[in-house]
1. Using a basic spin-label model with each label point 7 Å from the Cα along Cα→Cβ, how many nm lie between A32 and A309?
2. I'd like the orientation of helix 288-309 relative to the chain: the angle between its Cα long axis and the longest Cα principal axis, in ° from 0 to 90, rounded to 10.
3. What is the distance in Å between the Cα centroid of the stretch 44-76 and that of the stretch 243-289?
4. Looking only at the chain, where both bridge partners belong to it, what percent of the DSSP beta bridges are antiparallel (to the nearest 5)?
5. Under Stokes-Einstein, with the Kirkwood radius over Cα pairs standing in for Rh, what whole-number D in µm²/s applies to the chain at 10 °C and 1.306 mPa s?
6. Just check the stretch 124-184 against the gyration tensor rule for me: Cα atoms, a ≥ b ≥ c as the square roots of the eigenvalues, rounded for a/c under 1.5, and otherwise prolate or oblate depending on whether a/b exceeds b/c.
7. Which value, in debye to the nearest 20, gives the size of the charge dipole of the stretch 86-309 about its Cα centre, when Lys and Arg are +1 and Asp and Glu are -1 at the Cβ?
8. At a Förster distance of 35 Å, what's the computed FRET efficiency of R63 paired with L39, Cβ-Cβ distance as r, to 0.05?
Amino acid sequence: MSAPGYFLGLPLAGLTLPESPLAGSWLYELLAPGRSGALPWLIGLAGSLGIGLVARRKRALTRSGAAAAGLVGTLLFALGSLVWFAVLVAFFASSTAFTLWKKHLRSEAEGSYEKSGTRDAGQVFANGLAGAGLCVLNAIRPDPLWLAAYLGVMASVTADTWATELGGLSRARPRSIRTGRPVPAGTSGGVTWLGTLAGAAGAVFIGGAAVVCLWLVPEPHQPAALAGLARLAAFAALGGIAGSAADSLLGATLQRRYRCPVCGRTVERREHCGQPTRPSGGWSRMNNDAVNVLSSLAGGALAVLLAAAFR
Ligand SMILES: [Zn+2]
């Protein structure tokens with residue numbers, strides 16, 4: 001074993017997890033990898049639509065966003081297993097909770113984000129489509145590395161959402177990740193210590209959720225030792241932290257920026273203070289959704305590289 005793998009595993013050396021409390025139950029059969037038939041699709045659809053409708057009622061998703069979430073969730077449930085579906089739910093439920101909480105607190109920063117609070121299909125796909133694609137690939141050609149990539153992707157989007165939502169509550173003025181200079185709250189690429197720590201916590205949260213799921217319902221060829229699972233979680237979390245940093249960097253450099261003709265602020269939106277805004281920098285096609293997709297792919301790539309190097 002290589003040095004980093006050795007040190008990551010050392011405190012857990014020799015420990016194995018107790019048998020899953022679900023082993024042998026009908027629930028286990030329902031959530032296990034490699035099922036077939038129509039039932040997983042029907043249950044996945046019902047579960048995903050149920051979650052989408054609750055989010056729609058809470059105004060966390062638009063109608064198109066709820067439909068997109070239903071599609072992504074159904075795919076992950078039917079073609080994946082507990083870990084694939086539950087990690088999506090962990091991302092979605094935690095992010096929605098923070099968004100609603102922040103809405104409740106009425107942050108001043110809210111006004112300058114491209115979209116405020118209610119997520120549409122573009123945002124749902126930006127956060128979920130890469131993960132769903134990895135799940136499809138794993139169903140076609142099973143390999144544990146697909147799951148490592150998926151966890152890195154989901155840790156990235158979770159880290160980014162937690163950092164955005166909780167960082168918006170920071171009393172400290174955000175600083176540009178590119179120049180280090182203070183920028184108005186809500187500026188793309190602006191970072192705070194609170195947001196950065198929240199992002200890291202989100203990435204670790206996804207890694208931890210994955211370990212619990214993999215204990216309850218293991219994937220094929222998964223490490224039996226706790227140390228192996230902890231490494232997978234650590235690689236996912238590192239991918240997530242890197243992906244979130246990539247998101248801030250892209251947000252500060254290539255993301256499309258607009259200037260509000262009324263208040264003069266640089267914003268992500270095409271409209272501010274009730275007036276259309278004017279392009280003021282960045283690439284025309286690089287909107288917030290594109291930045292999310294690219295940075296989550298970077299997080300997934302790092303997680304899969306680490307998992308491949310230390311497997
Ligand atoms: Zn304005």
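Computed from the coordinates by the stated procedures, all read-outs in this text should not be read as laboratory data. Owing to the predicted nature of the structure, the values given are computational and were not obtained by experimental measurement. Ideal geometry is used to build each Cβ from the backbone, glycine not excepted, and the neighbour counts take in all protein chains shown.
1. 3.6 nm
2. Rounded to the nearest ten degrees, it is 30.
3. Cα centroid of the stretch 44-76 versus Cα centroid of the stretch 243-289: 28 Å apart.
4. The antiparallel proportion sits near 90 percent.
5. In µm²/s, the coefficient is 80.
6. prolate
7. For the stretch 86-309, the charge dipole is close to 860 debye.
8. 0.80
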